[in-house]
Structure formats: C-alpha cells, structure tokens
1. Here are some conditions: (1) in a strand (DSSP E or B); (2) over 15 Å from His60 (Cα atoms). Lys139 meets all but one. Which one does it not meet?
2. Exactly one condition in (1) part of a helix (DSSP H, G or I); (2) out of contact with any Lys or Arg (no Cβ under 6 Å at 6 or more places or on another chain) is not met by Ser133; state its number.
3. Would it be correct to say that Phe22 is loosely packed, with under 15 Cβ neighbours inside 10 Å, free of Cβ contacts under 8 Å to residues at least 60 places away in the same chain and farther than 20 Å from Ile4 by Cβ?
4. Before we move on, is Asn48 without any contact (Cβ under 8 Å) to a residue 12 or more places away in the chain and surrounded by fewer than 16 Cβ atoms within 10 Å (Cβ to Cβ)?
5. Going residue by residue through segment 56-74, is there one that turns out to be touching a residue at least 60 places away in the same chain (Cβ under 8 Å), surrounded by fewer than 18 Cβ atoms within 10 Å (Cβ to Cβ) and either within 19 Å of Ile129 (Cβ to Cβ) or among the acidic types (Asp, Glu) (or both)?
6. Considering only segment 96-140, how many residues are under 13 Å from Val45 (Cα atoms), surrounded by fewer than 16 Cβ atoms within 10 Å (Cβ to Cβ) and of a type outside the set (Ser, Thr, Tyr)?
7. Within segment 42-68, how many residues turn out to be in contact with an Asp or Glu (Cβ under 9 Å, 6 or more places away or on another chain) and within 26 Å of Asn26 (Cβ to Cβ)?
8. Is one or more of the residues making up segment 30-45 surrounded by fewer than 18 Cβ atoms within 10 Å (Cβ to Cβ), in contact with a Ser or Thr (Cβ under 6 Å, 6 or more places away or on another chain) and aliphatic (A, V, I, L, M)?
Amino acid sequence: MEKIEFHHTLPVQIRFNDVDKFGHVNNTIYFQYYDTAKTDYIAKVCPNVEWDREAIMVVHIECDFISQLRGDNIVAVRTAVDKIGHKSFNLLQEVYNMDTDEVICRCTSIMVAYNLEKHESMLMPQKWIEAISNFEGRKF
C-alpha cells in the first residue's frame, strides 16, 4: 500500500462528554471527529458545491482502532482523497496525537456524489475532481 500524504489537518477538541468512566474517548465519538474534518475538507477543497442541488454522501465507512485515546490527549484529524471514480471517491482519515504523532485510529470512507433533485447518484463533477486533484497535488 502506498503511503498517503495528508495535506489537510484539523485539530479537534475532546469534550468532557466524549470520555467514558475509564478515561477513554468512546468509539462512537471518533465518527463525529471524522465528520467534522470531512466537512472542513470539502468546504476548503470544493467550495463551489451547490448544496441545494448536490450532496456528497457516505455510503461505506470502516474504522480501525489502533490505540486508546484518552481525554487529556491533544488530537487532530488528517484527511486525504486517495482515489476518485466516476461517481465516488475514497476518503482516508486518521486521528492522531499531536504531541507524539502517534496514529490512534484510521478511517476509510466511500463518498458518493448525489443529485438531491433526482434522488440518485451522479457523476463526479469535473470541477470537484480538478479541485481535489489540485489540493492533493496529484492527477486522478
């Protein structure tokens, strides 16, 4: 597997209610961190999405928990696109400890371009592909 270079990083705050009685961040919370970073990535990289007509939807998501995340850790989420298809793209994300650079959790999502008016998937707009390619520094 080729090493992915991440160009997008978003620090996230661990909130009091994210932590269970053992001092660990609950596994369901990671997906909130990933969603926050995913939203920021799309807003910065593809600023011309017409949200009243177009959407980008998660159709598959999987997560590997590598080490524990404690409530006192300082963390961020790294996000990158590693593949673009006709109607979808693969989004890779990592929660990592900003003090140690240790990867705590990895997530892979398949995101689909969706037409809200027709209620069906749509071809990835060329403007999105170009914007992602420019941001990631590679041709898809």
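The numbers here are math on the coordinates, done by the rules we state, and not lab data. Computed from a prediction, not measured in an experiment: that's the story for all the values here. A quick note on method: Cβ atoms are made from the backbone with ideal geometry, for glycine too, and the neighbour counts reach across all protein chains shown.
1. Every condition holds for Lys139 apart from (1).
2. (2)
3. Yes, satisfied.
4. In short, no.
5. Taking every residue of segment 56-74 in turn, none turns out to be touching a residue at least 60 places away in the same chain (Cβ under 8 Å), surrounded by fewer than 18 Cβ atoms within 10 Å (Cβ to Cβ) and either within 19 Å of Ile129 (Cβ to Cβ) or among the acidic types (Asp, Glu) (or both).
6. The total comes to 4.
7. Qualifying residue count for the region: 3.
8. Among the residues of segment 30-45, not one is surrounded by fewer than 18 Cβ atoms within 10 Å (Cβ to Cβ), in contact with a Ser or Thr (Cβ under 6 Å, 6 or more places away or on another chain) and aliphatic (A, V, I, L, M), which makes the answer no.
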